[in-house]
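Before any comments, here is the structure.
The values are calculated or read from the model by the stated rules, or taken from the named source; none is laboratory data. Bear in mind that the values here come from a model prediction, so they are computed numbers and not experimental data. Note that each Cβ is placed from the backbone with ideal geometry, even for glycine, and that neighbours are counted across all protein chains shown.
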Amino acid sequence: MILRLLTLESYLITRYNHLGAGAEQALAPNFSKQPINLIKLKSMKVEAGIPFSGFYESFHDDQLERSLIDEELSDEEAEKLRDEIDWGAERINYSEEYTDLIAKLLKIDLEFVALKSPREYNFGTDRIFALIDEDDIELLKGKVDTDLMYNAVKEQYTSRDGFSSFYSNSYQEWLDQEEPWDHNQIATLIEVYLIQEWGKDWEIEYCIPESF
């Protein structure tokens, strides 16, 4: 963040310097040296992938259904209600609260953007995207364990049979790249940091929205 601090006195002395040697003394008694204008230039927000195991046959889907369908309903009543529920809207609401929980664990701000679901779940699952401040990305880079990141990048981004990686599998190359990290790289950073701070079961232990 860039902070620019201006005072009336310094501004006017510069502005009216042509008045001569007595200008500073003439102006100083009338103005305090307290800052009168504080300008904070915010860093950019970029889109990040949020680590999420998805809804398909997961504990998130179970949690969502239990919150919307009373277990005391008969099978026929439950099925009727299941057909009436707007599951797309409910999953978005769930994803927004899930994103807020992730933000609390990271102690940063995240702004939910979208929930994207695949047409078929054979090769992928639901993904959550949010806006994150560039300064917070740098903050997480400084906090995350380097060895954990090296291992995660190598494991997740090494090409193998049935998988072609479009990313380098070297964390050092990620650090050296000139262009900003994209949503997948940021998602890896967030996930590794969450595992580091909250353990491998962080998602099921800390990220089940209470209102569902």
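Can you tell me which residue in the range 158-212 is surrounded by the fewest Cβ atoms within 10 Å (Cβ to Cβ), limited to those that are in a loop (DSSP other than H, G, I, E, B) and aromatic (F, W, Y)?
Of the range 158-212, the ones in a loop (DSSP other than H, G, I, E, B) are 158-159, 161-162, 164-170, 177-182, 199-201, 207-212.
Those still in the list that are aromatic (F, W, Y) too: 166-167, 181, 212.
Values: F166: 7, Y167: 17, W181: 18, F212: 16.
This residue is F166.
Which of the residues belonging to the range 155-212 are among the acidic types (D, E) and within 26 Å of S58 (Cβ to Cβ)?
Going through the range 155-212, the residues among the acidic types (D, E) turn out to be 155, 161, 173, 176, 178-179, 182, 191, 197, 201, 203, 205, 210.
Answer for the range 155-212, where residues must be among the acidic types (D, E) and within 26 Å of S58 (Cβ to Cβ): E155, D182, E191, E197, D201, E203, E205, E210.
Considering the range 157-212, the residues that are among the charged types (D, E, K, R) and under 15 Å from K104 (Cα atoms) include one that is modelled with the lowest pLDDT, namely E210.
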